[in-house]
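S.K.: Mind looking over this structure? Questions follow.
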Amino acid sequence: MHKGKGMKFVGDSRVSAERTASQIPKDYSEYPGRTEAFWPNFLLKEWLAGSVFLVGFMCLTLAHPSPLGGLADPTNASFIPLPDWYFLFLYELLKYEFASGDFTLVGMLAIPGLAFGALLLAPFLDNGPGRRPHQRPIAVIMMLLALVSTVWLTYTSASHVDWEARAAMDQPVPPTTVEIDKEDPGFAVYETSCLNCHGDALQGTSAAPSLIGTEHTAEEIAVIAKEGIGGMPAGIFTGTDEELEQLVDFIMTVNEQAAE
């Protein structure tokens with residue numbers, strides 16, 4: 001090593017050992033109006049934008065608490081699970097003919113894959129130097145199509161869900177001290193037609209509400225048992241008129257005991 005020349009270390013063969021002026025980045029002050037100092041200008045703007053979003057998100061969660069599903073019930077074969085809100089648009093997509101049935105794979109893989117793939121390619125399809133929306137038409141149009149499609153599909157899917165009913169299903173089952181007379185002839189009818197959904201003590205389950213404390217009259221209970229109500233379909237009770245009367249008397253007797 002000759003005096004005055006020093007040592008040179010090169011970690012990459014593609015990097016020149018001689019550092020030229022063209023390789024030294026210019027100071028941001030040489031680009032007035034186009035760049036700014038990271039601290040505090042840029043960082044402060046990012047912090048303010050994040051704070052506005054966080055406060056807005058917190059207000060939204062306080063005003064509209066997240067609805068919870070019903071308690072897990074492995075015996076309820078009629079329960080239809082619902083995905084979280086950020087997957088509702090994909091859930092809604094699978095309801096259309098071109099993305100369901102024999103075309104389920106199209107709805108699950110092909111359409112979402114093309115959509116997300118297009119978004120990944122957007123920066124390469126529209127790589128102009130401008131940053132304003134009208135200077136990036138392809139990327140802006142693709143982004144708007146994705147945003148509108150996602151919002152519309154999510155809204156359509158959510159509008160078909162009875163959120164209040166789902167939230168009510170998640171309420172804890174109130175304890176009951178009512179003694180069930182299993183020798184009552186009405187209990188045998190109840191056991192055959194109602195026990196699977198309303199529980200062995202009429203306390204209710206995730207599939208159906210409690211029958212204790214019901215505000216329905218005996219006549220209304222008889223009609224509901226035969227014709228159904230809300231999520232309860234008609235035709236569950238298939239007994240005779242005598243058995244229907246025994247069932248109604250049994251439910252009314254349990255409620256009279258609970259009211260005492």
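S.K.: Output the residue which, of all residues in the stretch 193-225 that are in a helix (DSSP H, G or I), modelled with pLDDT of 85 or more and not small (Gly, Ala, Ser), is nearest to the chain's Cα centre (by Cα).
M.R.: Within the stretch 193-225, the match that is nearest to the chain's Cα centre (by Cα) is Ile224.
S.K.: Are any residues in the stretch 233-253 buried (at least 18 other Cβ atoms within 10 Å of the Cβ) and outside any helix (DSSP H, G or I), and if so, which ones?
M.R.: Phe237
S.K.: If you check every pair at least six apart or on different chains, which have Cβ atoms under 9 Å apart with a residue in the stretch 98-112 that is within 15 Å of Leu153 (Cα to Cα) first and a residue that is hydroxyl-bearing (Ser, Thr, Tyr) and surrounded by 12 or more Cβ atoms within 10 Å (Cβ to Cβ) second?
M.R.: Short answer, once both residue conditions are applied: Gly107/Tyr96; Gly107/Ser100.
S.K.: Now a separate question. Among what's in the stretch 50-94 and is part of a loop (DSSP other than H, G, I, E, B) and in contact with a Gly (Cβ under 9 Å, 6 or more places away or on another chain), pick the residue that is modelled with the highest pLDDT.
M.R.: Of all residues in the stretch 50-94, those part of a loop (DSSP other than H, G, I, E, B) come to 64-84, 94.
Filter once more, keeping what is in contact with a Gly (Cβ under 9 Å, 6 or more places away or on another chain): 76, 78-79, 81-82, 94.
On the way: Asn76: 64, Ser78: 64, Phe79: 68, Pro81: 76, Leu82: 79, Leu94: 89.
Checked the stretch 50-94; the qualifying residue modelled with the highest pLDDT is Leu94.
S.K.: Has the stretch 154-165 got at least one residue that is surrounded by fewer than 16 Cβ atoms within 10 Å (Cβ to Cβ), at pLDDT below 80 and in a loop (DSSP other than H, G, I, E, B)?
M.R.: Within the stretch 154-165, one or more residues are surrounded by fewer than 16 Cβ atoms within 10 Å (Cβ to Cβ), at pLDDT below 80 and in a loop (DSSP other than H, G, I, E, B).
S.K.: Criterion first (closer than 17 Å to Gln257 by Cβ, outside the structural domain of Gln246 (by TED's automatic domain parsing) and part of a loop (DSSP other than H, G, I, E, B)) does Glu179 satisfy it? Working first, answer last.
M.R.: Details: closer than 17 Å to Gln257 by Cβ: yes; outside the structural domain of Gln246 (by TED's automatic domain parsing): yes; part of a loop (DSSP other than H, G, I, E, B): yes.
Taking the combined requirement at face value, the residue satisfies it.
S.K.: Does the stretch 183-190 contain at least one residue that is within 14 Å of Val254 (Cα to Cα), modelled with pLDDT under 80 and hydrophobic (A, V, I, L, M, F, W, C)?
M.R.: The answer is no; no qualifying residue exists.
S.K.: On to the next question. Scan the stretch 217-232 for residues that are surrounded by 16 or more Cβ atoms within 10 Å (Cβ to Cβ) and within 14 Å of Leu244 (Cβ to Cβ) and report the count. Write out each step before concluding.
M.R.: Kept after step one, since they are surrounded by 16 or more Cβ atoms within 10 Å (Cβ to Cβ), are these residues of the stretch 217-232: 221-222, 224-225, 232.
Still in the list and also within 14 Å of Leu244 (Cβ to Cβ): 221-222, 224-225.
The total comes to 4.
The values are calculated or read from the model by the stated rules, or taken from the named source; none is laboratory data. Since this is a predicted model, take the numbers as computed values, not measurements. Don't worry about glycine lacking a Cβ; one is built from the backbone with ideal geometry, like all the others, and counts go over all protein chains shown.
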